[in-house]
Amino acid sequence: MLKNLFSKLPNQGKTIFAIMSELANQYKAIDLSRGFPDFDVNEELVKLYCKFLKKGYNQYAPVNGILELREKIAEKTEAAYQSTYNPDTEITITGGATEAIFAAITTFVRENDEVIIFEPAYDLYTPAVKVNGGIPVYIEMTPPHYSFNWDQVQKSITANTRMIIINSPHNPTGNVLSAWDIERLKKLVNGTNILILSDEVYENILFDGFEHESIILHPELKTRSIIVNSFGKTFHATGWRMGYILAQKELMNEFRKVHQYSMYTVNTPAQYALSEYMTNYKNYHELVDFFQQKRDLFTNLLSGSKLEIIKTKGTYFQNVCYKQLSEEGDFEFASRLVREYKIASIPVSYFYKGKNDYKILRFCFAKNDETLKRGAEILCALK
């Protein structure tokens, strides 16, 4: 038995996603917990993947990604945001958004650097900061509006602040950054060396006329920002583990030094398939209507329940408050829903460092309509 084994994450156990998924599998529950679709990837994209497999594109791709895909990303970014990135020096293909985020934090966060994180926060941010010796500084967002508290950010900035992590559309709350939020962020970082890590993996999934305020739109922020995106979220292929990162040349040079050792290279046939698939812009422009229909279907079906719906502005997650049904903690209530009613969700307290419990659960509506109908039927029957 080894003695004095050192752990970089001594208090870290299984993620809440693993816990709830295992419960869902154990009790054969409808799984609305993890953020993955239960419908198929577009048949055209599958055929393209198979085409490049059969054509022999099965060996290492260039470490930064095939140029054809990086060029398609540059074209898509310029069309969407009227802003240019050099596909050769400012775009890198990554092993999903997870690898992109972890590698970016590893690249730029040094020991005792402070990193500002809005919580509830996607559960990767804090461990990645801690593993690299950084110090997370939390800014709490509270229901029902989950506003970004910029006054608290201002009070939290010190000489040691290295990075601010933002996520919009925001997982798990569904909130989105407004133009006013962006202006506050600009003022806070002006004249500093603070970097921004902008997690924009749900950029194409917004509702009710809300528009995505990408960091890319703002030159003052673009020069200090690392922008992360995901093909898995956009094209319903989370298991492909395909993402990308955008950054100015100076930042990208440093990122690539780490990326080449954390991932080296990314799935080759998938890169070629995505490159050809992205030629047709409608393949991602249609996402808004597609997911708005699913959000509206799910929330309309829940309107007769005792759950309070906290309407999401973006992402494919819907938060609900269950105070009218139970005083149990959210983990206990979510676990009981799996065991007794065969439906799985995510307790939102697990996205807070202090496990702040507002009696809120997160449900994923990136599911077939029949799945959503069966799930809503169960939830509406709760007394």
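Laboratory data are not the source of any read-out in this text; all were calculated from the coordinates shown. The structure presented is a predicted model; accordingly, all values stated were derived computationally and were not measured. Note that we place each Cβ from the backbone using ideal geometry, even for glycine, and neighbour counts take in every protein chain shown.
Brief remarks follow.
- Over the stretch 59-280, equivalent-ellipsoid semi-axes from the Cα gyration tensor in Å: 27, 20, 16
- R0 of 35 Å, Cβ-Cβ distance ASN112-TYR60: FRET efficiency to nearest 0.05: 0.40
- Counting beta carbons within 10 Å around each of LEU302, LEU297 and listing the fewest first gives the order LEU297, LEU302.
- FRET efficiency for the pair ASN300 and GLU140, taken as 1/(1 + (r/R0)^6) with r the Cβ-Cβ distance and R0 = 35 Å, rounds to 0.70.
- Pairs beyond 19 Å (Cα-Cα), from LYS294/LYS359; LYS186/LYS222; LYS186/LYS249; LYS342/LYS383; LYS54/LYS367; LYS130/LYS155: LYS294/LYS359; LYS186/LYS249; LYS54/LYS367; LYS130/LYS155
- The string of couplings for the stretch 285-299 from the Karplus curve (6.51, -1.76, 1.60, θ = phi - 60°) is 5, 7, 4, 4, 5, 4, 7, 4, 4, 6, 4, 5, 4, 5, 5 Hz, one whole number per residue in order, with x for Gly and Pro.
- Packing-based exposure ordering (other Cβ within 10 Å, fewest first) of ILE16, ILE226: ILE16, ILE226
- 5 angstrom amide H check on ILE343, placed H, neighbours 5+ away: ILE30, VAL338
- Other-chain or far-sequence residues with amide H under 5 Å of HIS236's (modelled H): none
- Under the Karplus curve 6.51 cos²θ - 1.76 cosθ + 1.60, θ = phi - 60°, whole-Hz ³J(HN,Hα) for the stretch 158-171, x wherever Gly or Pro sits: 10, 5, 9, 5, 9, 8, 10, 9, 10, 9, 8, x, 8, 9
- Residues in the stretch 86-101 carry Karplus couplings, in order, of 6, x, 7, 10, 10, 9, 9, 7, 10, x, x, 5, 4, 5, 4, 5 Hz; the curve used is 6.51 cos²θ - 1.76 cosθ + 1.60 with θ = phi - 60°, and Gly or Pro positions show x.
- Kirkwood-Stokes translational diffusion coefficient of the chain, alpha-carbon pairs, 4 °C, 1.567 mPa s, µm²/s: 60
- Top positive-direction residue, dipole computed over the chain with Cβ charges, set ILE164, VAL258, ILE16: ILE16
- For the chain: relative contact order, % (alpha-carbon pairs under 8 angstrom, 6 or more apart): 25
- Of every Cα-Cα pair in the stretch 260-336, the percent that sits beyond 15 Å: 72
- Nearest-20 debye value, the stretch 59-280 charge dipole, Cβ charges on Lys, Arg, Asp, Glu: 440
- Among MET163, MET20, the order by Cβ neighbours within 10 angstrom, fewest to most, reads MET163, MET20.
- Distant-in-sequence amide contacts of PHE118, defined by a placed amide H-H separation under 5 Å and a gap of 5 or more residues or a different chain, comprise ILE139, ILE165.
- Taken about its Cα centre, the stretch 171-251 carries a charge dipole of roughly 300 debye when the Cβ of each Lys and Arg holds +1 and the Cβ of each Asp and Glu holds -1.
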